[in-house]
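**Student:** Structure provided below as structure tokens; questions to follow.
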There are 2 protein chains.
Amino acid sequence: MGRKRLQDSVDGRPTVHTVAARAGVSIASASRVLNGVGGSPETIRKVRAAAAEVGYVPNAIARSLQSQRTGQIALAVEDIGNPVYVAMMRAIEAVVASSGRQLLVHATGGQIDNETALLRRLAHRYVDGLILSPIRITEEHLAALADSPVPVVVIGQLPADTPVDNVRTDSRAGVALAVDHLIAAGRRRIGFVNGPLDTVPGAARDAGFRAALARHGIDLDERLVEVGDFQYAAGRTATERLLARSRPDALVCANDLIAVGALHALLVAGHRVPGDVALVGMDDTELASMVLPSMSSVSLDAAERGRIAAQLLLERINDPSLPPRRITVAPHLVVRDSSPTPDGRAKQWA
Amino acid sequence: MGRKRLQDSVDGRPTVHTVAARAGVSIASASRVLNGVGGSPETIRKVRAAAAEVGYVPNAIARSLQSQRTGQIALAVEDIGNPVYVAMMRAIEAVVASSGRQLLVHATGGQIDNETALLRRLAHRYVDGLILSPIRITEEHLAALADSPVPVVVIGQLPADTPVDNVRTDSRAGVALAVDHLIAAGRRRIGFVNGPLDTVPGAARDAGFRAALARHGIDLDERLVEVGDFQYAAGRTATERLLARSRPDALVCANDLIAVGALHALLVAGHRVPGDVALVGMDDTELASMVLPSMSSVSLDAAERGRIAAQLLLERINDPSLPPRRITVAPHLVVRDSSPTPDGRAKQWA
């Protein structure tokens, strides 16, 4: 749709030409003011007055009606306060903004009802596409995705045959990186503090932890495994329960919020970290550098997943005929002070 | 604008009546499906097929054209990752969602150009109103606010005569609460780690700190004052500079990110908190409970400011003739383990 078309009249309503003529300025000047991209104070005043007098309908609405494009992308995440979503959101916002579109952020609270209602509301076409990062994938999600009237990219694990663009990480492999790192440093009584097993990340991380120990020939002591939820307070109390019944020499935690809770449970109980108990978190959020000792963490590269999801969505909007794409971002381990350095020695802090 | 009007034809385009007749369902059923609020799978299938056949234009676009309402509210903050904005954003999202509207979140990076460009883009009327929380207020902001084509509520300090709805806190009084608390506990060498003095919060907090000490008859030792920015790393290095030249018995920090940096600088330097140095942060974010020892902090009630700002904006959208309103949310102190309890005794931790 060319620029000329946008300035033509839609069913007889006043256009930028009408406004420019009334204001006594050039069409280019009127257009700049009406598009909010500049003009001298005097030109802005004249053009706005003329637009009000002739009843000019703003561009965005007329353009939506003509092109059925809204210039908006929605992002739905469970919790806009979770640091892993913050990193993802910032990366998505950068791609969306550089394409000249605007990002609309929704918080779903992880409620399946909210997520499927959001997918149904896409029928209003208030956005050109949606990036959805659900914490669980249900049959309702899959049905709503299959029916979606606008493109959706899902960040997370989808069944293999779902015909939807998908960006995922391999959190099983991520947990294995943490376990390998701790075993290389001589730790053997490795515990695991997880989130709920009925979530996609909880289930994947549990499976990854068990598989990694098995690969090293270690029989898992179930007393070293605890489950809470993916928050600080639950991570701290889950670790207190674990420490009350067992004596780990290392802990892997299913995200950084849990890991900060675990760190504080360990320190309050008088354990040195990493001397007595080494600790590795997951997601490599900003929090990992804001605790003492700073915390090793497995990066699942939320920012990179967000960046790729936004690019896939923009490509899909431009070319709906593309085949569904699935991209996996590989995890990597960031070693800080809460676990032994690669040579096996633990740094100590005061 | 009544429900009936929304279902009438706009310049001859198919309406919900046309779709319902084609699908062989009731108008109520067709409306529910087209509005994305329910229906049996079979009804949904029939209505969607009928809508596609007759070329039904989605409601949101037609409604925008008729009412000039978009059903969207924008929020612009410096940094969507800052915990104080996260609390504000969640509160705003709750009010906006309960009004049936959607929230569009913009990150401005604190750039004046981004903020004023955003104000100019409101000429597109892609939202019904904007909540703006600028870190600095410039002449450009004031000019853009005066010209804004849609209602704007500003969270922050505005000059007294600005004809704009405004929600503010009193951060000078907030700093005074921290100083009073520390003096009541017998501390006298109270330091202050601030953000940039050319920001509105930085200037207000500096003035509040100096005024509070003066009120207690204490001469400020300038070696006890440091300035960085409002982030963790800067707070930590600013505190290291301060500790290299002076010996405080308490520190007030201009936000919680600075305060967590200060806490770690103190602990790494071997100071007990609060035994040797008491610490009070500001903003009372979730971080304050996620450090060890947990951190006392002055709450400027970002969530309450967000909630009020959203309510003011909805009222303004419904009644543009309201006089400009200015609401101040009073600060309060939350005492945790990093400062002496009200009886003056410091809790100790391991």
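The values are calculated or read from the model by the stated rules, or taken from the named source; none is laboratory data. For clarity, every value in this text was computed on a predicted model and none was experimentally measured. In this analysis, Cβ positions are derived from the backbone assuming ideal geometry, glycine residues included, and neighbour counts consider all displayed protein chains.
**Student:** Are there helices (runs of 4 or more DSSP H) fully within segment B:193-292 with at least 3 residues that are within 20 Å of the chain's Cα centre (by Cα), crowded, with 19+ Cβ neighbours inside 10 Å and modelled with pLDDT under 95? List them.
**Tutor:** Working: elements: B:200-215, B:232-245, B:256-268.
Those helices (runs of 4 or more DSSP H) span B:200-215.
**Student:** Just need a number here: residues in segment A:13-33 that are outside any helix (DSSP H, G or I) and of a type in the set (Ser, Thr, Tyr).
**Tutor:** 2
**Student:** In addition: Of the conditions (1) modelled with pLDDT under 80; (2) surrounded by fewer than 16 Cβ atoms within 10 Å (Cβ to Cβ), residue A:17 satisfies every one except a single condition; which number is it?
**Tutor:** Among (1) modelled with pLDDT under 80; (2) surrounded by fewer than 16 Cβ atoms within 10 Å (Cβ to Cβ), residue A:17 violates only (1).
**Student:** Filtering segment B:76-95 down to residues that are at pLDDT below 90 and closer than 20 Å to residue B:318 by Cβ, which residue is farthest from the other protein chains (Cβ to nearest Cβ)?
**Tutor:** Start the filter on segment B:76-95 by keeping residues that are at pLDDT below 90, which leaves B:76-87, B:89-90, B:93-94.
Filter once more, so that each one left must be closer than 20 Å to residue B:318 by Cβ: B:93-94.
Details: B:93: 6, B:94: 9 Å.
Only one residue fits best here, namely B:94.
**Student:** What number of residues in segment B:267-311 are farther than 26 Å from residue B:170 by Cα and small (Gly, Ala, Ser)?
**Tutor:** The qualifying residues number 3.
**Student:** Which one is nearest to the other protein chains (Cβ to nearest Cβ) among residues in segment A:141-154 that are crowded, with 19+ Cβ neighbours inside 10 Å and outside any helix (DSSP H, G or I)?
**Tutor:** Let us first name the residues in segment A:141-154 that are crowded, with 19+ Cβ neighbours inside 10 Å, namely A:141, A:144-145, A:150-154.
Within this subset, residues satisfying the condition of being outside any helix (DSSP H, G or I) are A:150-154.
Values: A:150: 10, A:151: 15, A:152: 14, A:153: 19, A:154: 19 Å.
By that ranking, first place goes to A:150.
**Student:** Can you say whether residue B:193 is within 14 Å of chain A (Cβ to nearest Cβ), β-branched (Val, Ile, Thr) and touching a residue at least 24 places away in the same chain (Cβ under 8 Å), as far as the supplied structure shows? Talk me through it step by step, then tell me what you get.
**Tutor:** On the way: within 14 Å of chain A (Cβ to nearest Cβ): no; β-branched (Val, Ile, Thr): yes; touching a residue at least 24 places away in the same chain (Cβ under 8 Å): yes.
Answer is no for this residue.
**Student:** Among the numbered criteria (1) at pLDDT below 95; (2) within 30 Å of residue A:157 (Cβ to Cβ); (3) assigned to a loop (DSSP other than H, G, I, E, B); (4) of a type outside the set (Phe, Trp, Tyr), which one does residue A:342 miss?
**Tutor:** With (1) at pLDDT below 95; (2) within 30 Å of residue A:157 (Cβ to Cβ); (3) assigned to a loop (DSSP other than H, G, I, E, B); (4) of a type outside the set (Phe, Trp, Tyr) applied to residue A:342, the lone miss is (2).
**Student:** For segment B:123-138, check the following and say yes or no: at least one residue is modelled with pLDDT under 85, assigned by TED's automatic domain parsing to the domain that holds residue B:310, surrounded by fewer than 17 Cβ atoms within 10 Å (Cβ to Cβ) and closer than 29 Å to residue B:229 by Cβ.
**Tutor:** Step one: of segment B:123-138, the residues modelled with pLDDT under 85 are B:123-127, B:134-138.
Subsequent filtering for residues that are assigned by TED's automatic domain parsing to the domain that holds residue B:310 retains B:123-127, B:134-138.
Narrowing the set further to residues that are surrounded by fewer than 17 Cβ atoms within 10 Å (Cβ to Cβ) leaves B:138.
Add one more test, that the residue is closer than 29 Å to residue B:229 by Cβ, and what stays is B:138.
Yes - at least one qualifying residue is present in segment B:123-138.
**Student:** Also, I was wondering about something else. Which residue pairs have Cβ atoms under 8 Å apart, sit 6 or more places apart or on different chains, and have a first residue in segment B:90-103 that is in the same structural domain as residue B:311 (by TED's automatic domain parsing) and a second that is assigned to a loop (DSSP other than H, G, I, E, B) and charged (D, E, K, R)?
**Tutor:** So the pair list comes out as B:101/B:128.
**Student:** Looking at A:69, A:125, A:121, which is the one that is within 11 Å of chain B (Cβ to nearest Cβ), over 29 Å from residue A:232 (Cβ atoms), without any contact (Cβ under 8 Å) to a residue 24 or more places away in the chain and of a type in the set (D, E, K, R)? Walk me through it before giving the result.
**Tutor:** Working: A:69 fails: without any contact (Cβ under 8 Å) to a residue 24 or more places away in the chain; A:125 fails: without any contact (Cβ under 8 Å) to a residue 24 or more places away in the chain.
Just one listed residue meets the conditions, A:121.
**Student:** What are the residues in segment B:134-162 that are free of Cβ contacts under 8 Å to residues at least 60 places away in the same chain and polar (S, T, N, Q), if any?
**Tutor:** Correct list: B:138, B:148, B:157.
**Student:** Let me ask something else. Looking at segment A:308-336, which of its residues are surrounded by fewer than 19 Cβ atoms within 10 Å (Cβ to Cβ) and either charged (D, E, K, R) or assigned to a loop (DSSP other than H, G, I, E, B) (or both)?
**Tutor:** Once the filter is applied, which keeps residues that are surrounded by fewer than 19 Cβ atoms within 10 Å (Cβ to Cβ) and either charged (D, E, K, R) or assigned to a loop (DSSP other than H, G, I, E, B) (or both), segment A:308-336 yields A:315, A:319, A:320, A:321, A:322, A:323, A:324, A:325, A:326, A:330, A:335.
**Student:** When you look at residue A:157, is it more than 30 Å from residue B:108 (Cβ to Cβ), of a type outside the set (Val, Ile, Thr) and either more than 11 Å from chain B (Cβ to nearest Cβ) or surrounded by fewer than 18 Cβ atoms within 10 Å (Cβ to Cβ) (or both), yes or no?
**Tutor:** Working: more than 30 Å from residue B:108 (Cβ to Cβ): yes; of a type outside the set (Val, Ile, Thr): yes; either more than 11 Å from chain B (Cβ to nearest Cβ) or surrounded by fewer than 18 Cβ atoms within 10 Å (Cβ to Cβ) (or both): yes.
Considered against the rule, which asks whether it is more than 30 Å from residue B:108 (Cβ to Cβ), of a type outside the set (Val, Ile, Thr) and either more than 11 Å from chain B (Cβ to nearest Cβ) or surrounded by fewer than 18 Cβ atoms within 10 Å (Cβ to Cβ) (or both), residue A:157 comes out as yes.
**Student:** Which of the following residues is within 30 Å of residue B:303 (Cβ to Cβ) and either at pLDDT below 80 or surrounded by fewer than 19 Cβ atoms within 10 Å (Cβ to Cβ) (or both): A:100, A:109, A:71, A:12?
**Tutor:** Values: A:100 fails: within 30 Å of residue B:303 (Cβ to Cβ); A:71 fails: within 30 Å of residue B:303 (Cβ to Cβ); A:12 fails: within 30 Å of residue B:303 (Cβ to Cβ).
When all the criteria are applied, what remains is A:109.
**Student:** A follow-up question, please. Out of segment A:110-140, which residues are assigned to a loop (DSSP other than H, G, I, E, B) and farther than 27 Å from residue B:55 by Cα?
**Tutor:** Hits for segment A:110-140 are A:110, A:111, A:134, A:135, A:136, A:137, A:138.
**Student:** Could you check how many residues of segment A:164-192 are aliphatic (A, V, I, L, M) and part of a helix (DSSP H, G or I)? Spell out the reasoning first.
**Tutor:** As a first pass, look at segment A:164-192 and keep what is aliphatic (A, V, I, L, M): A:164, A:167, A:173, A:175-179, A:182-185, A:190.
The next check asks that each one be part of a helix (DSSP H, G or I); those that pass are A:173, A:175-179, A:182-184.
Number satisfying all stated conditions: 9.
**Student:** Quick check on residue A:49: is it under 25 Å from residue B:91 (Cα atoms) and either buried (at least 21 other Cβ atoms within 10 Å of the Cβ) or modelled with pLDDT of 80 or more (or both)? Break it down stepwise before answering.
**Tutor:** Details: under 25 Å from residue B:91 (Cα atoms): no; either buried (at least 21 other Cβ atoms within 10 Å of the Cβ) or modelled with pLDDT of 80 or more (or both): yes.
So residue A:49 fails the test.
**Student:** Residue A:297 passes all but one of (1) modelled with pLDDT under 95; (2) buried (at least 20 other Cβ atoms within 10 Å of the Cβ); (3) more than 14 Å from chain B (Cβ to nearest Cβ); which number fails?
**Tutor:** That leaves (1) as the condition not met.
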